[in-house]
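Here is the structure we will look at.
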Amino acid sequence: MSNAFLTSLIGDRPLIFAFVVVGILTWLCYAFSKNITKGRIHGSAVAIIIGLILAYVGGISTGGKKGIADLSMFAGFALMGGAMLRDFCIVSTAYGVNLEELKKAGLGGVLSLVIGTSIAFVIGVAVAYGFGYRDTASLTTIGAGAVTFIVGPVTGTAVGASSTVIALSVAAGVVKSIAVMILTPFLAKPFGLTNPASAMVYGGLMGTTSGVAAGLAATDSRLVPYGALTATFYTGFGCLVCPSVGFIAMKAIFG
């Protein structure tokens, strides 16, 4: 089947084609997770790894900046992977929360946001410093990337970091997300992830919505909305404090 035929078949329906491709890949990744890894590596983690490989291949083959979306037949991925649909998914997930259970998180849920954001930011800054970064903008951006791969670019743009540093911040957040996906099922028992309240605290500590949601799905799907809710707040909280409080703190420490 020629590329020209596929392009004509897709026509002005690139977004629909993107959903079809993602649906097939998701099915294959979950089948791989179930049959090959026996559920030890969640299907979402496999899908993200394949997505990163495809984005790399697309960028290398076209010399573009949008990954696989730079290929004309996959142009729909530019919209599908954009902020609009991402935020829609986050909000729709949060709608599955029972407010009575949400109240049970209480002070612990709030503290988990502050503690989780602070620890991730400090670790990110320490790693950046260890690799030779000394300027305030770079340290703040990479630290924010360790918070989540969404907070990193938001912070980097706000503080004037270079595109290379912003890319590193995204990479740091993606690594964290995949690690949380894979490790959550193994940590569930020792961490006591057996109820909505603990899931909300865990989401606040880890913060990566995709990682927490996938990890909890592999543990107990009923806990996903609760962990995803505080993880979503974590992202918003990080976007507020990293470009402001985080940057000021780095300025005071490193000059």
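The values are calculated or read from the model by the stated rules, or taken from the named source; none is laboratory data. Computed from a predicted structure; not experimentally measured. Please note that ligands, DNA and RNA were not included when accessible areas were found on the heavy atoms of the full protein model with its side chains. Shrake-Rupley method; radii C 1.70, N 1.55, O 1.52, S 1.80 Å.
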Which of these, G203, G108, G124, has the largest mean-square fluctuation under a Gaussian network model of the chain (Cα springs below 10 Å)?
G108
Any idea of K251's accessible area? Nearest 10 Å², probe 1.4 Å.
110
If I build a Gaussian network model for the chain, linking alpha-carbon pairs within less than 10 angstrom, which residue out of Y129, Y234, Y226 has the largest mean-square fluctuation?
Y129
Within the chain, how many Lys pairs sit with Cα atoms under 30 Å apart, leaving out pairs fewer than 8 places apart on the same chain?
12
In whole angstrom, largest first, the equivalent ellipsoid semi-axes that the Cα gyration tensor gives for segment 116-172 are 14, 13, 9
Expressed per residue, the solvent accessible area of the chain in Å² (1.4 Å probe) is about 53
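Go ahead and estimate [θ] at 222 nm for the chain from helices alone: -39,500 (n - 2.57) per DSSP H run with n ≥ 4, summed, over the residue count, rounded to 500.
So the helix-based figure for the chain works out to -24500 deg cm²/dmol.
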I need the P(r) histogram for the chain: all alpha carbon pairs, bin width 5 Å from 0 out to the longest distance, whole percents.
1, 6, 12, 16, 17, 16, 14, 10, 5, 2, 1, 0, 0
Quick one: Karplus J couplings for segment 157-174, per residue in order, coefficients 6.51, -1.76, 1.60, θ = phi - 60°, nearest Hz, x for Gly and Pro?
5, 5, 9, x, 6, 6, 5, 5, 5, 4, 4, 5, 5, 5, 4, 4, x, 5
Karplus-derived 3J(HN,Hα), 6.51/-1.76/1.60, for each residue of segment 43-49, Hz, glycine and proline x:
x, 5, 5, 4, 5, 5, 4
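In nm, what is the difference between 0.36 nm times the number of residues separating S61 and V122 and their Cα-Cα distance?
Numbers: separation 61, 0.36 × 61 = 21.96 nm, distance 3.66 nm.
Result: 18.3 nm gained on full extension.
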Fluctuation leader among M73, M206, M181 - the chain, Gaussian network, Cα springs under 10 angstrom:
M73
